[in-house]
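To start, the structure under review is shown below, and the notes come after it.
The values are calculated or read from the model by the stated rules, or taken from the named source; none is laboratory data. The shown structure was predicted, so the numbers you read here are calculated from the model rather than taken from an experiment. Because the Cβ atoms are built from the backbone with ideal geometry, glycine has one as well, and the counts that use them run over all protein chains shown.
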Amino acid sequence: MPYSGETPCISCAYFAIGLLIATGIDTHAAQIKVLSAKAPRQFLEELGPQFERATSHKVTISYDEAGIIRKRIMDGESFDVTVLPAGWDEIRGKISGAPIGIGHTDFGMAVLASAPTPDTSSNDAVKRTLLAAKSIVYTDPKTGGIAGVLFARMIERLGIADEINKKSKLVAGALNATFLVKGEADLIAQLSSEILAVPSVQFVPVPPRFSGKSYVFWSDCDQHEGRRRGQGPTSIPNRAGRWVGDQSEGL
């Protein structure tokens, strides 16, 4: 599916600019190793092959929960570019490339498209909606998946963690909305980019204090001779409301 308001060619151009700035590679053919959190997977899988066709470069992408990618980097795994949530200072300490903001995706919940839209207009409304749900699926926060961490933090702040966890299934590496379609949950939590990748579900926003995560390119420029420090912001065009460029806001 092309990005809203952009042709695939223009979208690929933005992606190419982001990778080339982040890695500082020259025009010769190169192997680019990317370590990415799972939330950006939809646009990376669409634009990666377009980038390869438009250039002589080969992109290899390894996806995992954000916390696991963080651990792999902290343990010393080599890479050219990583796509991770903004704000992890310890990652800055492991690489020399400056972060480049590429987009923002909202944290929220989802129900089937055929179900009534839950009221999440206030903290009290979110609490009532969660307590009324019979079964909930969310990402295990122990994996470092950002959506799971945000959901666990939200139910703690709402004072309902015990009640919610008694009826919740914790998962890893999944598009949680698929559990709605299979009839194994009546409410799930995840990032909007992952929720909207599943047909027949509707995204349910949460109050701003609980929502939103920005993602950035980080480059490990010291690992490859001749590559330079990443510089300057770029953005990935909006994809049907799933991602919006944030021009490094909040980095």
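In this structure, does ALA197 turn out to be closer than 20 Å to PRO85 by Cα, in contact with a helix residue (DSSP H, G or I) (Cβ under 9 Å, 6 or more places away or on another chain) and in a loop (DSSP other than H, G, I, E, B)? It is true that ALA197 is closer than 20 Å to PRO85 by Cα, in contact with a helix residue (DSSP H, G or I) (Cβ under 9 Å, 6 or more places away or on another chain) and in a loop (DSSP other than H, G, I, E, B). Residue-level check: of (1) in a helix (DSSP H, G or I); (2) buried (at least 21 other Cβ atoms within 10 Å of the Cβ), ARG128 misses just (2). Take SER114 and tell me if it is touching a residue at least 60 places away in the same chain (Cβ under 8 Å), assigned by TED's automatic domain parsing to the domain that holds LEU187 and within 30 Å of GLY159 (Cβ to Cβ). No, not satisfied.
Does the stretch 166-179 contain at least one residue that is farther than 25 Å from SER200 by Cβ, surrounded by 13 or more Cβ atoms within 10 Å (Cβ to Cβ) and of a type in the set (S, T, N, Q)? No, every residue in the stretch 166-179 fails to be farther than 25 Å from SER200 by Cβ, surrounded by 13 or more Cβ atoms within 10 Å (Cβ to Cβ) and of a type in the set (S, T, N, Q).
Mind listing just one residue for me: the one in the stretch 93-120 that is assigned to a loop (DSSP other than H, G, I, E, B) and at pLDDT below 95 and, of those, surrounded by the fewest Cβ atoms within 10 Å (Cβ to Cβ)? Among residues in the stretch 93-120 that are assigned to a loop (DSSP other than H, G, I, E, B) and at pLDDT below 95, the one surrounded by the fewest Cβ atoms within 10 Å (Cβ to Cβ) is GLY93.
When SER11, SER62, SER4, SER36 are checked against the criterion of being crowded, with 19+ Cβ neighbours inside 10 Å, among the polar types (S, T, N, Q) and either within 30 Å of SER122 (Cβ to Cβ) or modelled with pLDDT of 80 or more (or both), a single residue qualifies: SER36. If you go through the stretch 159-194 and keep only what is assigned to a helix (DSSP H, G or I) and modelled with pLDDT of 95 or more, you end up with ALA161, ASP162, GLU163, ILE164, ASN165, LYS166, THR178, PHE179, LEU180, VAL181. For ALA30, the conditions (1) of a type outside the set (Val, Ile, Thr); (2) modelled with pLDDT of 70 or more; (3) within 19 Å of the chain's Cα centre (by Cα); (4) buried (at least 16 other Cβ atoms within 10 Å of the Cβ) all hold with the exception of (3).
Cβ separations smaller than 6 Å between residues 6+ apart or across chains give the following pairs from the stretch 52-66 residues that are in the same structural domain as LEU35 (by TED's automatic domain parsing) and within 11 Å of LYS33 (Cβ to Cβ) to residues that are polar (S, T, N, Q) and surrounded by fewer than 18 Cβ atoms within 10 Å (Cβ to Cβ): LYS58/GLN31.
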